[in-house]
1. If I filter the range 94-108 for residues that are among the acidic types (D, E), open to solvent by less than 10 Å² (accessible area, probe 1.4 Å) and under 30 Å from A285 (Cα atoms), do I get at least one hit?
2. Look through K362, K311, K370, K358 and report the one residue that is of a type outside the set (S, T, Y), free of Cβ contacts under 8 Å to residues at least 60 places away in the same chain, closer than 21 Å to Y127 by Cβ and open to solvent by 50 Å² or more (accessible area, probe 1.4 Å).
3. What are the residues in the range 10-43 that are touching a helix residue (DSSP H, G or I) at 6+ places or on another chain (Cβ under 8 Å) and farther than 22 Å from I222 by Cβ, if any?
4. With the structure loaded, tell me whether D3 is out of contact with any Ser or Thr (no Cβ under 9 Å at 6 or more places or on another chain), open to solvent by less than 100 Å² (accessible area, probe 1.4 Å) and at pLDDT below 95 or whether it fails that test.
5. Restricting to the range 225-241, name every residue that is within 16 Å of the ligand (Cβ to nearest atom) and crowded, with 23+ Cβ neighbours inside 10 Å.
6. Looking only at the range 61-73, filter to residues that are assigned to a helix (DSSP H, G or I) and open to solvent by less than 30 Å² (accessible area, probe 1.4 Å); which one of those is nearest to the ligand (Cβ to nearest atom)?
Amino acid sequence: MDDLSGIASDISERFRKIGAKSGVYYSLHEPTFSDIEKDLVVNCIETTFVSTFGEFVGQFEDKISKFVGAKFGIAVVNGTNALQVALRCSGIKANDEVIIPSLTFIATANAIAYLGAVPNFVDVDDYTLGIDPEKLETYLRKIGEVRDNQLYNKNTKNRISAIVPVHIFGHPVRYNEIRDVALKFNLKIVEDAAEALGSKYHNRFCGTLGDIGVFSFNGNKIITSGGGGMIVTNDESLADRCRHLVNTAKKKNKYEFIHDEIGYNYRLPNLNAALGLGQAQSLPAKLKLKRKLAGEYSQAFSDAEYGSMVKQPEYCESNYWLNTLFLKEARPVHEICDKLNDFGIMARPIWQPLHFSKPYSKCPKDDLSKTIHLYSRLISLPSSPQIIENV
Ligand SMILES: *Cc1c(COP(=O)(O)O)cnc(C)c1O
């Protein structure tokens, strides 16, 4: 089967074994809401505390941090800002370089750029779709030089201060190997677990694998607070500093507004927290269904000759945020997606690699051949849990 229409209609036929309702347009990932969310949001409005103050923010923070087994959670307005604050509190400064994959959503790079720091792109592996630890180490040995226990880029002269591993589509990266490289070069790790709420690596939840991690509650993620994000950590002083910064760096004081540095107004509004708190109640059920859906996908595409579904890495439990078809050969994936759309199935290629993106085209980078290889081979398919059951 070589022509694109043939592949697109075969994908569509296989998909219909899973999402069989006629006349329904299947989106990539849609939220669902129940009376629980509606009651909480109405309750929040009735308290009149819809903004900076209110009870729901703390409750939402507790719920999520307990779920993933972190001591502290700091809720903020979105995942991008969560990353920005987590990076700043980890000591990342202007002109530092931060190692990230090129194959990620642009938020990972933007959070770095907001601090005046610079992304340095590394390649991924096709097993996890995340940073390739061996290639990372070789690259750092090649470009790096250590002075005063700090790593510097010999070419740009900038300090390299951190790595941001991203769990793409919810599939955990090879964290231990990446952590070992970070330890060798004295680099901080900030985990971008925006897509990986509920995913596990060796029985530990993503987001809590290192000192600090972040989640996103955007509308297309597993659960949503409308917009929102959360920083999680077990380190109390790190948590205090994050909380201070997202609350405009305001010192505890009776009346006067005293701020001891330039902070941010990034705290999650109470209204969004009420919605998120309601959503969090259905998180276990959603995760269970998403794993079931992934099983159905894997079955439906098991004998497809042009590709197979991306599977969770060994020792991991992925949340399968997006179910993704991995094509054996490079294809015009955008055209296949267009055709699937005509069949009522929303499909998306992976993001344009960030080193091709205008604002980041001049950033330092390693050889990115695997990234480019994957760019023309991955197609994400509808992945809402309610495709198979209502939640
Ligand atoms: C969604 C996402 C973010 C940021 O989340 P927002 O809440 O949309 O700001 C960051 N990184 C990755 C990989 C994401 O998918």
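1. no
2. On the way: K362 fails: closer than 21 Å to Y127 by Cβ; K370 fails: free of Cβ contacts under 8 Å to residues at least 60 places away in the same chain; K358 fails: closer than 21 Å to Y127 by Cβ.
One residue alone meets the criteria, K311.
3. I11, S12, R14, K17, N43
4. Details: out of contact with any Ser or Thr (no Cβ under 9 Å at 6 or more places or on another chain): yes; open to solvent by less than 100 Å² (accessible area, probe 1.4 Å): yes; at pLDDT below 95: yes.
So D3 passes the test.
5. Kept after step one, since they are within 16 Å of the ligand (Cβ to nearest atom), are these residues of the range 225-241: 225-232.
Once the filter is applied, which keeps residues that are within 16 Å of the ligand (Cβ to nearest atom) and crowded, with 23+ Cβ neighbours inside 10 Å, the range 225-241 yields S225, G228, G229, M230, I231, V232.
6. By that ranking, first place goes to I64.
Conditions tested, residue by residue: (1) surrounded by 15 or more Cβ atoms within 10 Å (Cβ to Cβ); (2) closer than 25 Å to Q279 by Cα; (3) basic (K, R).
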| site | (1), (2), (3) |
| --- | --- |
| F15 | yes, no, no |
| G23 | no, no, no |
| L28 | yes, yes, no |
| S34 | no, yes, no |
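Condition check ((1) hydroxyl-bearing (S, T, Y); (2) more than 22 Å from D211 (Cβ to Cβ); (3) without any contact (Cβ under 8 Å) to a residue 12 or more places away in the chain) across all residues:
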residue: D39; (1), (2), (3): no, yes, no
residue: F49; (1), (2), (3): no, yes, no
residue: V57; (1), (2), (3): no, yes, no
residue: S65; (1), (2), (3): yes, no, no
residue: G69; (1), (2), (3): no, no, no
residue: F72; (1), (2), (3): no, no, no
residue: N78; (1), (2), (3): no, no, no
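The values are calculated or read from the model by the stated rules, or taken from the named source; none is laboratory data. Only a predicted model underlies this, so the values are computations on that prediction, with no experimental measurement involved. Quick reminder, even Gly has a Cβ in these numbers, built from the backbone with ideal geometry, and neighbours come from all protein chains shown. Heavy atoms of the whole protein, side chains included, go into the accessibility calculation; ligands, DNA and RNA do not. Shrake-Rupley method; radii C 1.70, N 1.55, O 1.52, S 1.80 Å.
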